[in-house]
Amino acid sequence: MLTLCWNAKQGLRGGGDTEALVRVSLKALLVGAALLVLTVPAAHAQSGADAIAQPGEEVPGRYLVTFGLDQATLTEQNRQVVAQAAEYYRQGGTPQVTVTGHTDTSGSAAHNLELSQRRAEVVADELERDGVPATDIVTIGRGEEDLRVATADGVREARNRRAEIIVEQPPPPAPVVAAPAPVEPEPAAGPEEVRPNLFTIGPLYGHNFGETNDGGENDLVGGELTYSVLPGFLGGVSLKQAVLYSFNGDNDGLNGRSAISLDFAPDLGIVRPFLAANFGGVYGSGVQNGFVAGPEIGFNLDLIEGVAMRAKAAYDYQFRQPEFDEGILWVGLGFGVGF
């Protein structure tokens, strides 16, 4: 600059030759400045391509480790990133860590594949030193595949020289659903309790259509006690004993009736109809001493647990009478207790 200024002053003193020299000097200066402007971006681009990308945590569970050109060694900054990944692994109890090595395209494909594997293994060794079990680490070398920044073959790109650590996220916990309150199972309905014994007592009225061998009629009034064994749908057996008094006939007085019956009684709930066949005999005043047999129908009505009311009607054929219509018609009412 000083020379240029001096030359300019000399040119002003020296005339035309000096003026031409100044013009040539200025032209050379402008050309040099233009060449300097063109070389600065190229140098900057070259330094940016060879610069190492910044390592660190990209998202939780995903970490980036970077390398220099054709290198597989860790810087102190990269070791800190690996330590972060190991701590994340310990916090989540994650079963697997994947380390994938990568390269740029500046070398041969075979060399880059081997280099990427070494980069992955270097990171895996550091993870082991930080407490991650080797059995939980998977290493993969991808070479120049899966470029982070797409380039042509043979291009140096720092952002492609890397290893990626992926710590798998554990599955989200299943939502906790409050267990429903336990429901007590309803007790299974067992068979209805069958009371094997039933005593029934109540009034009994009878009209005798054949008081004597020659006919005649009278009335019988008294009480009857019935003892039923195994009452039920089939197979019930009842023993019956009645004490009666006869009147309105030729021979009034005390008499009795003893019988055994086979019972058929279907269970319809609180009402139980029954059909029975009686076999027995009558004896005493106002009746013909002898055997009788005939049907009986009626029903039992459950009043309370173990207590029932019985209403019935029966007809006894008297074997001493030749005619069937010269028997005894009975109606009765009784109250029974089961046990």
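Worth pointing out:
- Where a residue in the range 141-161 is among the aliphatic types (A, V, I, L, M) and its partner, wherever it lies, is assigned to a helix (DSSP H, G or I), with Cβ under 7 Å and at least six apart: LEU147/ASN160; VAL149/ARG159; VAL149/ASN160; ALA158/ALA49; ALA158/ASP50
- ARG272 meets the stated requirement of being in a strand (DSSP E or B) and in the same structural domain as HIS207 (by TED's automatic domain parsing).
- Any hit, the range 155-162, residues being modelled with pLDDT under 95, among the acidic types (Asp, Glu) and surrounded by 15 or more Cβ atoms within 10 Å (Cβ to Cβ): yes
- Here PHE335 qualifies as farther than 27 Å from THR212 by Cβ and in contact (Cβ under 8 Å) with a residue 40 or more places away in the chain.
- Checking GLN117 against (1) over 30 Å from VAL132 (Cβ atoms); (2) modelled with pLDDT of 95 or more, the condition it does not meet: (1)
- Criterion: assigned by TED's automatic domain parsing to the domain that holds GLY215, in a loop (DSSP other than H, G, I, E, B), modelled with pLDDT of 85 or more and touching a strand residue (DSSP E or B) at 6+ places or on another chain (Cβ under 6 Å) - qualifying residue of GLY294, GLY332, GLY249, GLY280: GLY249
- Checked against the criterion of being closer than 23 Å to THR151 by Cα and out of contact with any helix residue (DSSP H, G or I) (no Cβ under 8 Å at 6 or more places or on another chain), the candidates LEU113, LEU69 yield just one match: LEU113.
- Output for the range 88-109, where each listed residue is out of contact with any strand residue (DSSP E or B) (no Cβ under 8 Å at 6 or more places or on another chain), in a helix (DSSP H, G or I) and in contact (Cβ under 8 Å) with a residue 24 or more places away in the chain: ARG90, ALA109
- Within the range 297-308, one or more residues are part of a strand (DSSP E or B) and modelled with pLDDT of 90 or more.
- Unique residue being surrounded by fewer than 20 Cβ atoms within 10 Å (Cβ to Cβ), within 19 Å of GLU57 (Cα to Cα) and free of Cβ contacts under 8 Å to residues at least 40 places away in the same chain when the list is GLU114, GLU76: GLU76
- Unmet criterion (only one of (1) modelled with pLDDT of 90 or more; (2) in contact with a Lys or Arg (Cβ under 9 Å, 6 or more places away or on another chain); (3) under 21 Å from GLY210 (Cα atoms)) for TYR315: (2)
The values are calculated or read from the model by the stated rules, or taken from the named source; none is laboratory data. Nothing here was measured: the structure is a model prediction, and the numbers come from that model. So basically every Cβ, Gly included, is an ideal-geometry build from the backbone, and we count neighbours across all protein chains shown.
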